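Notes follow the structure.
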Amino acid sequence: MLTTIIRRDKVKSMKLTKTQKSKINKARDEIQSIQRKQDEIFDTLIDKLNIKKDSHDGDILWDYVYNDFGDI
């Protein structure tokens with residue numbers, strides 16, 4: 001949490017124009033939207049495979065899906 005506050009304050013202290021701030025905020029919103037969609041896709045996969053999301057297998061599968069380890 002403290003790291004988040006420090007980073008936010010550092011970004012706020014950067015000398016950015018209104019246009020730059022707007023572009024940064026828009027990109028952030030788009031990235032967060034993509035991340036939410038990724039989470040939905042992963043949750044659907046876990047449900048279809050009947051794996052508990054908070055289980056060891058769920059953790060291993062999450063690591064595999066979110067990192068580039070090649071094909072199974």
Self-check item: Accessible-area value, residue 29, 1.4 Å probe, nucleic acids and ligands omitted, Å²
Solution: 80 Å²
Exercise. With all protein chains present, calculate the accessible area of residue 26 using a 1.4 Å probe and round the result to the nearest 10 Å².
Key: 130 Å²
Practice problem: Specify the angular offset, from 0 to 90 degrees and rounded to the nearest 10, of the alpha carbon long axis of helix 2-13 from the longest principal axis of the alpha carbons in the chain. | Solution: 40 degrees
Self-check item: Contour minus Cα-Cα distance for residue 11 and residue 57 (0.36 nm per residue)
Solution: 12.8 nm
Quiz prompt | the chain - accessible surface per residue (Å², probe 1.4 Å) | solution = 94 Å²
Exercise. Rank 22, 13, 55 by mean-square fluctuation in a GNM of the chain with C-alpha springs under 10 angstrom and give only the top-ranked residue.
Key: 13
Quiz item: Any idea how many Lys pairs in the chain come in under 15 angstrom at the alpha carbon, given 8 or more places apart or on separate chains?
Solution: 5
Quiz item: If you keep only loop residues by DSSP, which chymotrypsin sites (Phe, Trp or Tyr not before Pro) in segment 19-72 have at most 15 other Cβ atoms within 10 Å of their Cβ?
Solution: 69
Quiz item: Considering only protein heavy atoms and a 1.4 Å probe, what is the carbon-and-sulfur percentage of the accessible area of segment 8-72?
Solution: 53 percent
Exercise. Give the dimensionless ratio obtained when the Cα radius of gyration of the chain is divided by 2.2 N^0.38 Å.
Key: 1.57
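The values are calculated or read from the model by the stated rules, or taken from the named source; none is laboratory data. A quick note: this is a predicted structure, and the numbers were derived from the prediction, not measured. Please note: Cβ atoms are built from the backbone with ideal geometry, for glycine as well, and neighbour counts cover all protein chains shown. Please note that ligands, DNA and RNA were not included when accessible areas were found on the heavy atoms of the full protein model with its side chains. Shrake-Rupley method; radii C 1.70, N 1.55, O 1.52, S 1.80 Å.
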